[in-house]
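Following: one structure in structure tokens, then a few remarks.
The values are calculated or read from the model by the stated rules, or taken from the named source; none is laboratory data. Model, not experiment: these values are computed from the prediction. Here Cβ is always computed from backbone atoms with ideal geometry, including for glycine, and neighbour counts include all displayed protein chains. The accessibility values were calculated without ligands, DNA or RNA, using every heavy atom of the protein model including side chains. Shrake-Rupley method; radii C 1.70, N 1.55, O 1.52, S 1.80 Å.
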Amino acid sequence: VQLQASGGGLVQVGGSLRLSCAASGSVFTRNVMGWYRQTPGKQRELVATITTGGSIYYVDTVKGRFTISRDNAKNTMYLQMNSLKPEDTGVYYCNAGGIGYVLYSWGQGTLVTVSS
């Protein structure tokens, strides 16, 4: 199983982007889904998660700026990113998993570049 993230791009500081992640129905409906990112010089980190019931977790650095959501009918997860900062630059990935674990191999991420 691979999950494909899309929607990245180049944006100026303070701008917005919306990322999407499509998954097969069985993956999407059974699991906690999460967004992760790998920023230059750092290890991949968890950004946000959403459970099947809609409970949400955000890493402190994105609270109040990013919004994770899921459309169960479309088996798609989103990450709305507002007030983007240069330190948000990186490759964003989606996966099934939560804090400290992921279930599947990493798919191709989507590059987000925030220019100052």
Filtered residues of region 78-109 (kept if hydrophobic (A, V, I, L, M, F, W, C) and at pLDDT below 95)
96, 99, 102, 103, 106
Scanning region 44-57 residue by residue, the ones that are free of Cβ contacts under 8 Å to residues at least 40 places away in the same chain, surrounded by fewer than 18 Cβ atoms within 10 Å (Cβ to Cβ) and either in a strand (DSSP E or B) or among the basic types (Lys, Arg) (or both) total 2
Determine whether region 101-109 contains at least one residue that is free of Cβ contacts under 8 Å to residues at least 40 places away in the same chain, more than 14 Å from residue 3 (Cα to Cα) and exposed (fewer than 13 other Cβ atoms within 10 Å of the Cβ).
yes
So which residues in region 17-43 are open to solvent by 60 Å² or more (accessible area, probe 1.4 Å) and within 14 Å of residue 66 (Cβ to Cβ), if there are any at all?
18
Of all residues in region 64-97 being among the small types (Gly, Ala, Ser) and within 12 Å of the chain's Cα centre (by Cα), which is farthest from residue 43 (Cα to Cα)?
69
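Pull up region 23-40, narrow it to residues that are at pLDDT below 90 and not in a helix (DSSP H, G or I), then point me to the one that is nearest to the chain's Cα centre (by Cα).
23
Hey, could you check region 1-16 for residues that are among the aliphatic types (A, V, I, L, M) and out of contact with any helix residue (DSSP H, G or I) (no Cβ under 8 Å at 6 or more places or on another chain) and say which is surrounded by the fewest Cβ atoms within 10 Å (Cβ to Cβ)? Step through it out loud before you land on a result.
Step one: list which residues in region 1-16 are among the aliphatic types (A, V, I, L, M), which gives 1, 3, 5, 10-11, 13.
Filter once more, so that each one left must be out of contact with any helix residue (DSSP H, G or I) (no Cβ under 8 Å at 6 or more places or on another chain): 5, 10-11.
Working: 5: 26, 10: 12, 11: 17.
Applying the filter and picking the extreme gives 10.
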Limited to region 58-94, what total is found for residues that are touching a residue at least 24 places away in the same chain (Cβ under 8 Å) and of a type in the set (Asp, Glu)?
2
For region 82-100: of the residues being open to solvent by less than 40 Å² (accessible area, probe 1.4 Å) and not in a strand (DSSP E or B), which is farthest from residue 63 (Cα to Cα)?
89
Identity of the residue in region 63-81, on the phi < 0 side of the Ramachandran plot and not in a strand (DSSP E or B), that ends up surrounded by the fewest Cβ atoms within 10 Å (Cβ to Cβ):
73
